[in-house]
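The values are calculated or read from the model by the stated rules, or taken from the named source; none is laboratory data. Keep in mind the model is a prediction, meaning the values are calculated, not measured. Note that each Cβ is placed from the backbone with ideal geometry, even for glycine, and that neighbours are counted across all protein chains shown.
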Amino acid sequence: MTEEKIVLTKEQAESLEYLLENANKEYLLKVAASSDLKFVAVYGWLNHLSLDEIARILDGGYEVKKTMEERKEEIKRYFDSFSDVGYRFNSRGKAYQSIIRNTLNLLDIKIEGINDF
């Protein structure tokens, strides 16, 4: 069974990548395992992760959490894909759009061009 990747914010991922450019993985694990050493400044968020979580990030990578705006753009692209020529005159495409619109309304999420009326 594969473990789920640790989810980081965009800012955390950027700071981790910068840290990895300037320090090796062994150093990160040494700091994480130490009771005397701590990550500081923009790396302080690493202090809230366990040694196991940091090792999982270094070994298996991580996933970057999308912002709400990025998720809305992804939904909009998916919604618009049902307006393509293949679906334009197809009742199935209209049904998919209706399902997406109703789901967004139930979740109280408004996306311009889909359910912003």
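Hey, among the residues in the range 3-52 that are among the aliphatic types (A, V, I, L, M), within 20 Å of the chain's Cα centre (by Cα) and outside any helix (DSSP H, G or I), which one's surrounded by the fewest Cβ atoms within 10 Å (Cβ to Cβ)?
7
Can you tell me which residue in the range 4-48 is nearest to residue 67 (Cα to Cα), limited to those that are of a type in the set (Gly, Ala, Ser) and in contact (Cβ under 8 Å) with a residue 24 or more places away in the chain? Full working, then the answer.
Taking the range 4-48 as the starting set, the residues that turn out to be of a type in the set (Gly, Ala, Ser) are 13, 15, 23, 32-35, 41, 44.
Now narrow it down to the ones that are in contact (Cβ under 8 Å) with a residue 24 or more places away in the chain: 13, 15.
Details: 13: 13, 15: 17 Å.
Among those that are of a type in the set (Gly, Ala, Ser) and in contact (Cβ under 8 Å) with a residue 24 or more places away in the chain, it is 13.
Condition check: over 25 Å from residue 10 (Cα atoms), touching a helix residue (DSSP H, G or I) at 6+ places or on another chain (Cβ under 7 Å) and at pLDDT 85 or above. Does residue 111 satisfy that? Even if it seems obvious, please write down each step before you answer.
Working: over 25 Å from residue 10 (Cα atoms): no; touching a helix residue (DSSP H, G or I) at 6+ places or on another chain (Cβ under 7 Å): yes; at pLDDT 85 or above: yes.
In short, no.
Read through the list (1) assigned to a helix (DSSP H, G or I); (2) assigned by TED's automatic domain parsing to the domain that holds residue 14; (3) surrounded by fewer than 11 Cβ atoms within 10 Å (Cβ to Cβ); (4) at pLDDT below 85, then give the number of the only condition that residue 92 fails.
Result: residue 92 fails condition (2) only.
When the residues of the range 21-50 are narrowed to those that are touching a helix residue (DSSP H, G or I) at 6+ places or on another chain (Cβ under 9 Å) and of a type in the set (S, T, N, Q), which ends up farthest from residue 6 (Cα to Cα)?
Only one residue tops the list, namely 47.
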